Amino acid sequence: MTHLSRAWVLTAHPTGIPTVENWRLEDQTLPGPADGEILARSVYLSVDPYMRGRISAKANYAGGVAIGGIMHGGAVAEVLESNHPDWRPGDHVETMNFGWRDKAVLKGDGLTRVDPALAPLHAYLSYLGMPGRTAWLALQDIGQVKPGETVLISAASGAVGQVAGQIVKAKGGRAVAVASSEEKLAWCKQLGYDAGVNYRTAEDLGTAIGEACPDGIDVFFDNTAGPIHDAVMKRLNLGARVIICGTISLASKFDEPDMGERFLRQILVARARIQGFLIFDHVARYGEANSALAAMSEAGDLQFKTDVEERLEAMPSAFISLLTGDNFGKKVVRIGPDSES
């Protein structure tokens, strides 16, 4: 039996901020699941900054989307049909490889089981999914926060940043937020952040960061790159750790060199360590991160804001709003009801 699906396919590689015209929504026909496969429908589709790299014409750390190919993306989905022993219709799964579509045939191996009784389904795309795991594992492995240390987090109200700040506080650190509005900084304060900087309104970003971090910066969780990165690098303490997690400020010039300031002298004097972090390198530790984050949530020590849009048609505009900083919290698009039953 075949099934009808709707999918967003890439029509052109953008050179700056994408436009809706970079994709086309088209009808597709899917085969029924073969042995070891499932047919699933998307409940929530994820929108994430890393997707900008997947639609670049240049080489990236992972394979890109070809012209005419289905746009890459993660999802929480409900199983409709199964030819895999681990899955039954009505089960929910999380996967990074669903794509921007309403139905997909997937290999049953490698999917993450979702328990709707533990948390809302969209939580498995946020604090119990890639963003939460990123915050936890990056701070465990690279940040190594000690009590009393100052940790500055850019894009602090975003999907990764809001979890990272709460983890820092749980470890006894001092958390400093950089965000794009007073509303977002107020949310960060509610999460426990000790200080904050609005990078859009600060007369001098470096001075504002210096005032928020009078004792310097021990850990920098960089989700943005760009001018925020430049301002922070001048204020690193001895033995500082810098986590390069995202470069969303470069979305409008993704295929151009990032010609910021150079900081080799500061890095040398501070004996700082700079390390890139990609969650895809740590699949074997997803369970470790999820257990820790679930424990924080159950103890009431983890708050999270999710920015939800509706319907498959909204995918390109939702992604563009993320790249321009118009989202508030983790961005997801709700495609259908939690369950068809």
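The values are calculated or read from the model by the stated rules, or taken from the named source; none is laboratory data. Being a predicted model, the structure only gives us computed values, none of them experimental. Methodologically, a virtual Cβ is constructed for each residue, glycine included, from the backbone with ideal geometry; neighbour enumeration extends over all protein chains shown.
Scan the range 260-284 for residues that are without any contact (Cβ under 8 Å) to a residue 40 or more places away in the chain, crowded, with 16+ Cβ neighbours inside 10 Å and of a type outside the set (A, V, I, L, M) and jot them down.
At the first step, the residues of the range 260-284 found to be without any contact (Cβ under 8 Å) to a residue 40 or more places away in the chain are 260-272, 274, 276, 281, 283-284.
Checking which are crowded, with 16+ Cβ neighbours inside 10 Å leaves us with 263, 267, 270, 272, 274.
Within the range 260-284, just Phe263 meets the criteria.
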Quiz item: Are any residues in the range 55-105 buried (at least 20 other Cβ atoms within 10 Å of the Cβ), aliphatic (A, V, I, L, M) and at pLDDT 95 or above, and if so, which ones?
Solution: Ile70, Met71, Ala75, Val76, Ala77, Val79, Val93, Ala104
Quiz item: Taking the range 123-138, which residues are modelled with pLDDT of 95 or more and either polar (S, T, N, Q) or farther than 14 Å from Asn290 by Cα (or both)?
Solution: Thr134
Quiz item: Inside the range 110-155, can you point out the residues that are within 12 Å of the chain's Cα centre (by Cα) and part of a loop (DSSP other than H, G, I, E, B)?
Solution: Ser126, Tyr127, Leu128, Gly129, Ala155
Quiz item: Would it be correct to say that Ala179 is crowded, with 17+ Cβ neighbours inside 10 Å, farther than 20 Å from Gly158 by Cβ and not β-branched (Val, Ile, Thr)?
Solution: no
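So which strands (runs of 3 or more DSSP E) are wholly in the range 6-101 and hold at least 2 residues that are touching a His at 6+ places or on another chain (Cβ under 6 Å) and in contact (Cβ under 8 Å) with a residue 60 or more places away in the chain?
Working: elements: 23-30, 37-46, 75-82, 92-95.
Qualifying strands (runs of 3 or more DSSP E): 37-46.
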Quiz item: Hey, any hits in the range 318-325 for a residue that's among the β-branched types (Val, Ile, Thr) and in contact with a Lys or Arg (Cβ under 9 Å, 6 or more places away or on another chain)?
Solution: no
Quiz item: What number goes with the only condition from (1) assigned to a loop (DSSP other than H, G, I, E, B); (2) among the small types (Gly, Ala, Ser); (3) touching a strand residue (DSSP E or B) at 6+ places or on another chain (Cβ under 8 Å) that Ala318 does not pass?
Solution: (1)
Exercise. Could you identify the single residue in Leu278, Leu323, Leu302, Leu268 that is farther than 18 Å from Phe221 by Cα and in contact with a Phe, Trp or Tyr (Cβ under 7 Å, 6 or more places away or on another chain)?
Key: Leu302
Quiz item: What residue, among those in the range 180-210 that are under 13 Å from Val232 (Cβ atoms) and of a type in the set (Val, Ile, Thr), is nearest to the chain's Cα centre (by Cα)?
Solution: Val197
Exercise. Residue by residue through the range 260-315, note down the ones that are part of a helix (DSSP H, G or I), more than 16 Å from the chain's Cα centre (by Cα) and polar (S, T, N, Q).
Key: Gln266, Ser291, Ser297
Exercise. Could you check how many residues of the range 292-341 are within 24 Å of Gly246 (Cα to Cα) and polar (S, T, N, Q)?
Key: 6
Exercise. Would you mention how many residues in the range 1-25 are loosely packed, with under 14 Cβ neighbours inside 10 Å and under 30 Å from Trp87 (Cα atoms)?
Key: 3
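Determine whether Ile228 is within 24 Å of Gln144 (Cβ to Cβ) and out of contact with any Gly (no Cβ under 8 Å at 6 or more places or on another chain). Let's see the steps before the verdict.
Working: within 24 Å of Gln144 (Cβ to Cβ): yes; out of contact with any Gly (no Cβ under 8 Å at 6 or more places or on another chain): yes.
In short, yes.
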